[in-house]
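Engineer: Take a look at the following structure, please.
The values are calculated or read from the model by the stated rules, or taken from the named source; none is laboratory data. Please read these numbers as outputs of a predicted model, since none were measured by experiment. Positions of Cβ are backbone-derived with ideal geometry, glycine not excepted, and every protein chain shown enters the neighbour counts.
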Amino acid sequence: MRTRVHENTGQHTHRRARLGRDRGQVAIEYLGFVPVLLIVGLVGIQIGAVAYAAEQAGTAARAGARAASLRQDAGAACARAVSGGTDVSCTGGGGGGDTVTVTATVRIPKILWDLGAAKKTATMPLDH
């Protein structure tokens, strides 16, 4: 076994003994950091789910408003406009004068937190 004299203290250190004590330290540090990485990843997924729900609500509102402007069923157009498995509810279809307004509501998928729903409103001119 090799020994070495420490420059500052003058004590002999055993290289093998010192390496053996530090060997598991890195694994413990990584193990402690894994939950932090998981939470950061899940927050990123939750943010993506919020953006996706908002995009789906906007698409549904525009499709519903377009259908209502052509005097068609706005609710059916809203439902067709979103991806499968996405629940959407549309309200409106009426408007004042020469426009129609439709509001679409899409539930935000729960990953970590229940953030409610995304609402988007679209207004289109009546197509005479």
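Engineer: I'd like to check something: does the stretch 71-78 contain any residue that is assigned to a helix (DSSP H, G or I), touching a residue at least 24 places away in the same chain (Cβ under 8 Å), of a type outside the set (V, I, T) and surrounded by 14 or more Cβ atoms within 10 Å (Cβ to Cβ)? Talk me through it step by step, then tell me what you get.
Structural biologist: Our first condition is that a residue be assigned to a helix (DSSP H, G or I); within the stretch 71-78, this holds for 74-78.
With touching a residue at least 24 places away in the same chain (Cβ under 8 Å) added as a condition, the list becomes 74, 78.
If we keep only those that are of a type outside the set (V, I, T) too, we end up with 74, 78.
Still in the list and also surrounded by 14 or more Cβ atoms within 10 Å (Cβ to Cβ): 74, 78.
Yes, the conditions are met somewhere in the stretch 71-78.
Engineer: Now, a different point. How many of the residues making up the stretch 82-111 are in a strand (DSSP E or B), touching a residue at least 40 places away in the same chain (Cβ under 8 Å) and hydrophobic (A, V, I, L, M, F, W, C)? Lay out the reasoning, then the answer.
Structural biologist: Residues of the stretch 82-111 in a strand (DSSP E or B): 88-92, 99-107.
Then keep just the ones that are touching a residue at least 40 places away in the same chain (Cβ under 8 Å); that gives 102-107.
Next cut, hydrophobic (A, V, I, L, M, F, W, C) only: 102, 104, 106.
Summing the residues that are in a strand (DSSP E or B), touching a residue at least 40 places away in the same chain (Cβ under 8 Å) and hydrophobic (A, V, I, L, M, F, W, C) in the stretch 82-111 gives 3.
Engineer: Output the residues belonging to the stretch 80-97 that are modelled with pLDDT under 90 and farther than 13 Å from T121 by Cα. Quick ask: steps written out before the conclusion?
Structural biologist: Of the stretch 80-97, the ones modelled with pLDDT under 90 are 83-87, 92-97.
Within the stretch 80-97, S83, G84, G85, T86, D87, G96, G97 meet the criteria.
Engineer: Looking at the stretch 87-100 only, could you name the residues that are crowded, with 17+ Cβ neighbours inside 10 Å and either out of contact with any strand residue (DSSP E or B) (no Cβ under 6 Å at 6 or more places or on another chain) or more than 23 Å from A51 (Cα to Cα) (or both)?
Structural biologist: The answer is G92, G93, G95, V100.
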